[in-house]
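**Student:** Okay, handing you the structure first.
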Amino acid sequence: MEKIANYIDGQFRAPVAGKYLDNINPSIGEVYSLIPDSDGDDVQLAVEAATRAFEGWSSLLPDKRFAVLARIADLIDRDADALALAESIDQGKPVKLAKSMDIFRAGANIRFYATGAMHFSAEAHATGVEAVNYTLRSPVGVAGCISPWNLPLYLFTWKIAPALAAGCTVVAKPSELTPMTAYLFTKLCQEAGLPQGVLNVVHGLGPKVGQAIIDHPGIPAISFTGGTVTGKKITTTAGPMLKKLSLELGGKNPNIIFADADFDQAVATSISSSFTNQGEICLCGSRILIERPLYEKFVKAFVAKTKELVIGDPLNEATRIGALVSEAHMNKVLSYIDLATKEGGTILTGGKRVTVSGRCAKGFFVEPTVVTGLPANCRTNQEEIFGPVVTLAPFDREEEALAMANGTSYGLSATLWTSDLTRAHRISSQLKCGIVWVNCWLYRDLRTPFGGTKGSGVGREGGWEAMRFFTEAKNVCIRL
Ligand code: TXE
């Protein structure tokens, strides 16, 4: 049984306490590797290594930081197939999606911020003729990066890349549900010659290892992606320590479709935005709001396309719906489907656990599920399910659509379908969220700020926002 190791001070190490946790392959429901059950002692070793490495890494010329990060990106591309297979086994997503989205974007994250190391700059201002002001940006020190299980390597690199590019050293913890690609990534970092102690990865449970990172006085900045409940918990300890905090949390995103939308495009993209990665993407559009003249036609077409989705072995090229990440998460999603029925919803397709034939017979599979007939304020429409479950509802007026779209405690993203350009701008400006897609979904430009409002998070990742987060700014004013 493969034993994953922590990566501390450039070395692969067993956890200090020598304890391990089972790592389960959700597609077959069996243990396939072991991960370190690390604790505060492992985090302490990691922080000491990161602190030792900080002076050398932060003073390295930007083109030298660029060179080693670019080498890591090249190695991700070289090993894309192996990384995609590892990700699919670890998380349950179709291997085809793992390669096209997670691994591809992990390489893109590292490459983008490698260039960021070269081009990141600060500003200066001439204050009349009396003075000149210039800003010095310096890396904060050791950055703590904690990531979730749904897009394991994609979101893991999304955090550590800007931190490293800005000159910080890092103590990172991937989710204990999907540790494998982060482990393989650390092997690529060692191969690329990343100096020891610059990146340290400590595997283990959130309340033990994650909390130890949050609590550690030697880590002044925390970048977290995960559930809103966990995010709120983190603020209770990091807040009084005056740590810099970037929180990317949950979502309950509206997908608003006006009668003048490009119908075929809206249906096809709505299938993707509803069920990609089994709906386990915080940007999925889980509440579809359709203008009444189009409602019946859209529901019929959407349900028919949903029924066509192939559920099965994530290693099969034809599979679109793989396994949910764990038995606990599968049961959470099934409990929400039960709740939808209890709240008066009608299940038009799906709703049940699927027993896949062959090697995946014990895997955690749920049918893509479409529910109608629910009020906007019911729990099914208010709470994040984070699985292959969407609700559909009609609306008559723009104001009604906006009220429903904005009517949850989240504010991460929204999707809008219309051919009316003025309406597109008008509605986008009134949606209370961090990201709006118009006539598309999940187009990503890494230069743009990324994040949510309300219960979806604090701060922004992406572009210079992320690199600024990992730096402190000092303004110097010189009288002329
Ligand atoms: O979150 P958890 P999950 C959201 C998604 C869903 C959730 C799924 O919408 O709500 O995250 O991810 C660690 N101190 N997003 O279940 O449980 C834990 O070990 C410190 C939004 O993984 O919060 C894991 O590594 N760390 C996002 C990480 O936190 C702790 C995109 C997340 O775990 C901890 C992806 C603690 N006390 C998912 N407890 C976006 N908005 O972009 C747990 N952890």
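The values are calculated or read from the model by the stated rules, or taken from the named source; none is laboratory data. Note that the structure is a prediction, hence the values are computed from the model and not measured. Cβ coordinates were reconstructed from backbone atoms using ideal geometry, including for glycine residues, and neighbour counts include every protein chain displayed.
**Student:** Return a yes/no flag: does the stretch 55-68 have any residue that is under 29 Å from A318 (Cα atoms), part of a helix (DSSP H, G or I) and touching a strand residue (DSSP E or B) at 6+ places or on another chain (Cβ under 9 Å).
**Tutor:** no
**Student:** Which ones in the stretch 113-123 are under 21 Å from the mean Cα position of the chain (by Cα) and either of a type outside the set (F, W, Y) or surrounded by fewer than 23 Cβ atoms within 10 Å (Cβ to Cβ) (or both)?
**Tutor:** Matches in the stretch 113-123: A114, G116.
**Student:** Among the residues of the stretch 225-234, write down those that are in contact (Cβ under 8 Å) with a residue 40 or more places away in the chain, out of contact with any helix residue (DSSP H, G or I) (no Cβ under 6 Å at 6 or more places or on another chain) and either more than 10 Å from the ligand (Cβ to nearest atom) or not in a loop (DSSP other than H, G, I, E, B) (or both).
**Tutor:** T228, G231
**Student:** Looking only at the stretch 254-275, filter to residues that are under 21 Å from K93 (Cα atoms), of a type in the set (S, T, N, Q) and out of contact with any helix residue (DSSP H, G or I) (no Cβ under 7 Å at 6 or more places or on another chain); which one of those is surrounded by the most Cβ atoms within 10 Å (Cβ to Cβ)?
**Tutor:** Restricting to residues being under 21 Å from K93 (Cα atoms), of a type in the set (S, T, N, Q) and out of contact with any helix residue (DSSP H, G or I) (no Cβ under 7 Å at 6 or more places or on another chain), the top hit is S274.
**Student:** Looking only at the stretch 236-257, how many residues end up being in contact (Cβ under 8 Å) with a residue 40 or more places away in the chain and within 11 Å of the ligand (Cβ to nearest atom)?
**Tutor:** 8
Rundown of residues vs (1) within 30 Å of Y113 (Cβ to Cβ); (2) more than 16 Å from the ligand (Cβ to nearest atom), yes/no style:
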{"position": "L421", "(1), (2)": "no, yes"}
{"position": "H425", "(1), (2)": "no, yes"}
{"position": "S428", "(1), (2)": "yes, yes"}
{"position": "W437", "(1), (2)": "yes, no"}
{"position": "E465", "(1), (2)": "yes, no"}
{"position": "C477", "(1), (2)": "no, yes"}
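**Student:** List the number of the failed condition for K297; all other conditions in (1) away from the ligand (no atom under 15 Å from the Cβ); (2) touching a Lys or Arg at 6+ places or on another chain (Cβ under 9 Å); (3) farther than 14 Å from N255 by Cα hold.
**Tutor:** Condition not satisfied by K297: (2).
**Student:** In addition: So, E317, is that one crowded, with 22+ Cβ neighbours inside 10 Å and part of a loop (DSSP other than H, G, I, E, B) or not?
**Tutor:** Considered against the rule, which asks whether it is crowded, with 22+ Cβ neighbours inside 10 Å and part of a loop (DSSP other than H, G, I, E, B), E317 comes out as no.
**Student:** In addition: Just the residues that are within 26 Å of P375 (Cβ to Cβ), among the basic types (K, R) and not in a helix (DSSP H, G or I), please, taken from the stretch 323-353.
**Tutor:** Matches in the stretch 323-353: K352 only.
**Student:** May I ask you to say which residue of V140, V132, V171 is assigned by TED's automatic domain parsing to the domain that holds Y32, under 22 Å from A50 (Cβ atoms) and more than 16 Å from the ligand (Cβ to nearest atom)?
**Tutor:** Of the residues listed, the single one that is assigned by TED's automatic domain parsing to the domain that holds Y32, under 22 Å from A50 (Cβ atoms) and more than 16 Å from the ligand (Cβ to nearest atom) is V140.
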